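Let me begin by presenting the structure, written as structure tokens, before commenting on it.
The values are calculated or read from the model by the stated rules, or taken from the named source; none is laboratory data. Just so it is clear, the model here is predicted, and its values are computed rather than measured. Every residue, glycine as well, gets a Cβ built from its backbone with ideal geometry; the counts of neighbours run over all protein chains shown. Note: areas computed on protein heavy atoms with side chains; ligands, DNA, RNA excluded. Shrake-Rupley method; radii C 1.70, N 1.55, O 1.52, S 1.80 Å.
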Amino acid sequence: MAQNKPTTDEHYIPQCYLKQFSSDGERIYQYDVLLGKQTPVPVPTKSVCYQKHLYEFRDSSGAFAYRNLIEKSFGIYEGEFAKTFRSIISKSRIEANYHTLCFLSPKEKALLVFFLSTMIVRNPDILQTAQETALEFFGDQITEVSARNLALQTCLPIYKTLDANERNILNSVIHFFDDMSSQIGITDKAVLWTSDNPVILFGNNHPANLDEVVMSISPHMALYMKPYKNTRKGMYNRLTDLRPEDIRYVNSAIVAHCKRWIYSQTPLTDKQIKWITKERASY
């Protein structure tokens, strides 16, 4: 029996997330902020936000080792992430949940934090920085291949049983969220976008001093997280309506922090594209 071919196109933005912004569950519109061009038709989510062999370990000869180990682990976790998105979206449609002081369950918040953390450390730029740091620290004692393997081991140890006490980059990022409140904002219109860099961190350009974390969950929903000390009492874990200024705030953050691509459920209008161009010019 023929074995399944290994995955080569490995996504740094998971399809389970991008599909939240798709009208048919498979395709999304994309806008290139560098060239100022929008694709005339929606593109498959599998065709964006990936690099070949991004998460692969290699042996001393450069050949693949433990092929797709991290990619397969992501497949398991992303199934849980997708369930969490569906659960939150479903709960947001219940009127009574606007009045609860604890909208997200502990499990939902834990999975969202884990999702945010893995989104940060699976970023190709972060992995490259971790590799370069290893090369700089160990000097001649380490090869480029070994430095890359070490970057993967410390950033993405998801292929083994996770230990909260283990010293690695993923755990350090997770701990940044320990003392943060969470709010889910929703709107009945499909007006929120996402990008190739969807987790937006505000605060002195240093994760240890985060003032706010923002991420669109869907075209109708955004997540905000802030330190409890900066959160109004009674708003630690709430469901709220998104006001027009909130929608502008989220989309402006998406525009400012994207690397190249903005993704949307519907084609951007000429007015929206002009606004994006203006927003990009102001940063």
Order of 269-282, 166-179 by packing, highest average Cβ count within 10 Å first?
166-179, 269-282
Order of 24-37, 136-149, 213-226 by packing, highest average Cβ count within 10 Å first?
213-226, 24-37, 136-149
To the nearest 0.05, the calculated FRET efficiency linking Glu95 and Asn230 through their beta-carbon distance, R0 being 30 Å, is 0.55
How would you classify segment 1-106 from its alpha-carbon gyration tensor, with a ≥ b ≥ c the square roots of the eigenvalues: rounded for a/c under 1.5, else prolate if a/b is greater than b/c, otherwise oblate?
oblate
Too long for a 19 Å Cα-Cα cut-off, among Lys226/Lys274; Lys189/Lys278; Lys109/Lys226, are Lys226/Lys274; Lys189/Lys278
Which value, in Å², gives the accessible area per residue of segment 57-114 when a 1.4 Å probe is used on the protein heavy atoms?
57 Å²
Label point distance in nm, Lys5-Ser282, each placed 7 Å from Cα along Cα→Cβ:
4.7 nm
Along the charge dipole of segment 1-138, pointing to its positive end and built from +1/-1 on Cβ of Lys, Arg, Asp and Glu, which listed residue (Phe57, Ile13, Val41) has its Cα farthest out?
Val41
Using a Cα-Cα cut-off of under 16 Å, which aspartates and glutamates could be cross-linked to Lys83, ignoring same-chain neighbours fewer than 8 residues away?
Glu108
Mind checking which of Ile273, Thr231, Leu192 is farthest towards the positive end of segment 144-283's charge dipole, using Cβ charges of +1 (Lys, Arg) and -1 (Asp, Glu) about the Cα centre?
Ile273
Of all accessible surface on segment 126-243 at a 1.4 Å probe, what whole percent is carbon and sulfur?
48 percent
Quick one: grab the alpha carbon gyration tensor of segment 200-273, order the square roots of its eigenvalues as a ≥ b ≥ c, and give me rounded if a/c is under 1.5, else prolate or oblate depending on whether a/b is larger than b/c.
oblate
Cut-off 14 Å, label 7 Å out along Cα→Cβ of Glu144, residues of segment 31-66 by amide N
61-63
